[in-house]
Ligand SMILES: [Zn+2]
């Protein structure tokens, strides 16, 4: 999610990226979203039939329930029903997020293995470390010719979350957005301005509600950081933000949170109006294509849009008084 530890491991034959979300940074979001995110009684009758059908294909072995869908190998330690609902949700998410983000077709498909552990303890055991993260996305190329392996891991934080309707879907949205983007970038590095900005934007999206509702009710977890940056006139340029080599500079303290806030706010600005969506597409194409983003903001549409975004930020600040 936004607050994440990100580790790049480069060697001759192994390239991996790890993105984790720290629980303490998610807690405020959980509180906010709990009020706005409905339970999944929003499944339609047709989807419920599909879930029942998927459930019939879930295989249980050694305490792990698993089923394969079009794009995902879905696993959980919880039960067959949870696994089936998660599987249906992932396909729903994949379809709708791809459309929302106007992502191009994938050149080299690769399935993601998504695992929801029944407890934080089991999640940490799988990662081999006592992390406080809530979820993690990894991609790995085993060698120079093999396809990528994508994995997403998270866990049910309490007994209530073992019922999928109460599960914390923002973590699925965030990590799976990383997967959708990285799938299109292949081995290329995506600047965090785009990777984190988009994943953070999508995490709060309720895919059971229409776009109009989501646009009207969009909430930014880092709103306080953004307000502070505006008031202190410390909003970084998108060009600079697209080039920072280290994203987390203060252990997810105020500086890093300000980066999340600004990246997410800029992405929200681009997706908030049809007139700016062509630049969003250009930005994603450049970011997943390995282009430097610096030139996009130097002049032309990028420069004008960034200037307009800043004007909106500072206008809203003045109106706040
Ligand atoms: Zn992230």
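Where a number appears in this text, it was derived from the coordinates with a stated rule and is not lab data. Since the structure is predicted, the reported quantities are computational estimates derived from the model, not experimental observations. A quick note on method: Cβ atoms are made from the backbone with ideal geometry, for glycine too, and the neighbour counts reach across all protein chains shown.
In terms of the mean number of neighbouring beta-carbon atoms within 10 Å, the peptides 136-144, 149-157 order highest first as 149-157, 136-144.
The order of the peptides 206-219, 76-89 by mean Cβ neighbours within 10 Å, most packed first, is 76-89, 206-219. Note on the stretch 152-294: semi-axes of the ellipsoid equivalent to its C-alpha gyration tensor, largest first and rounded to whole Å, are 24, 19, 17. Ordering of 159-171, 302-314, 257-269 by packing is 257-269, 159-171, 302-314, highest average first (other Cβ atoms within 10 Å, averaged per residue). Here the chain carries DSSP beta bridges of which approximately 70% are antiparallel, counting only pairs with both residues inside. Between residue 310 and residue 227, residue separation times 0.36 nm minus the direct Cα-Cα distance comes to 28.7 nm. Pairwise alpha-carbon distances in the stretch 66-139 exceed 16 Å for 58% of all pairs. Relative to the current alpha-carbon distance between residue 99 and residue 274, full extension at 0.36 nm per residue lengthens the span by 61.6 nm. Helix 45-55 and the long axis of the chain differ in direction by around 60°, with both axes built from C-alpha atoms. The angle between the Cα long axis of helix 192-203 and the longest principal axis of the Cα atoms of the chain comes to about 60 degrees, rounded to the nearest 10. Just so you know, the Rg over Rh for the stretch 211-320 is 0.95, from Cα atoms, with Rh as the Kirkwood radius.
Mean projection of the Cα convex hull over all viewing directions, computed for the chain: 16.5 nm².
Just how far, in whole angstrom, is the stretch 156-231 from the stretch 243-259 if you go by their alpha carbon centroids? When both Cα centres are located, 18 Å separates them.
Extension gain, residue 211-residue 125: 0.36 nm per intervening residue step, less the Cα-Cα distance, totals 27.2 nm.
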